[in-house]
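Chemist: Sending over a structure as structure tokens; questions will come in a sec.
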């Protein structure tokens, strides 16, 4: 790559500063290039919760943040934890970032990764916290293989929590956004084609990008995630990053029409983006979760 790119599965938006930035990103959620392969089903790692419905996320303090692949051997964790990076997806394509193909604002280092803060799109850098060991924290990071984790120093971040979480059932094309135990928004969506499937497992929203117009291919908002396509190595010379975003083709809802991203009707994505913070966890399931049968207090269904 000749220049940094982040939102590889987006088609560029034409307007203002965000639009210019997205021109630097690659596209993929509209019909276009294809790749064929089967993605592996994965089990997500549960995040550290303050309450049963809260997820802790860390925001970087400085301009750089080092994420270590392994916890220093001298560190004793309570309860004991694996010190190495853990992944649950068998990679079918090469790692990201890597030498010669580093995503914008992150690069591979000898010890792990170095992230730049703020992000390429000038938003705070966040990670979901899986374990809080006091001086060290195990976090879910933006990398491929998906579900890669690493360790950061507690002094390098501030902590906050959210009671929002998102769940997507690919078998029914249905997305639910929860606030605590209650459904905040639910809607049908567009998912990835069989040749470029939406990946399974636990992810999180890395940042929120408001578009200058609701009528573009990404609708009103883009909610990038820490995940990447598991079959595309690059797309339009950019990285194949997965995102949840609006759409100007609502007629495609309940179809497999994207290159991995999740397209949400504009009225729903506006409500979602206006409420959730970066750091909101996302669980993507191949089949309907059993817990949905007991979902309470459903609110607006756009």
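Chemist: Express the relative contact order of the range 55-162 as a whole percentage, based on alpha carbon pairs under 8 Å and six or more residues apart in sequence. Numbers along the way, then the final one.
Modeler: Numbers: 214 pairs, mean separation 44.6, N = 108.
After rounding, I find 41 percent.
Chemist: Based on alpha-carbon centroids, what's the gap between the range 129-147 and the range 151-195 in Å, whole number please?
Modeler: When both Cα centres are located, 17 Å separates them.
Chemist: State the Kirkwood hydrodynamic radius of the range 55-162 in Å, one decimal place, computed from all pairs of distinct Cα atoms. Walk me through the numbers on the way to the answer.
Modeler: Numbers: mean 1/r = 0.0705 Å⁻¹.
Evaluated on the range 55-162, it is 14.2 Å.
Chemist: Sticking with this structure for a sec: How would you rank 64-77, 93-106, highest first, on the average number of other Cβ atoms within 10 Å across their residues? Write down the numbers at each step before the final one.
Modeler: Working: 64-77: 14.7, 93-106: 17.3.
By packing density, highest mean first, the sequence is 93-106, 64-77.
Read the figures in this text as sums done on the coordinates, not as results from a lab. Since the model is a prediction, treat every value here as computed from it, not as a measurement. We place every Cβ from the backbone using ideal geometry, glycine too, and count neighbours over all the protein chains shown.
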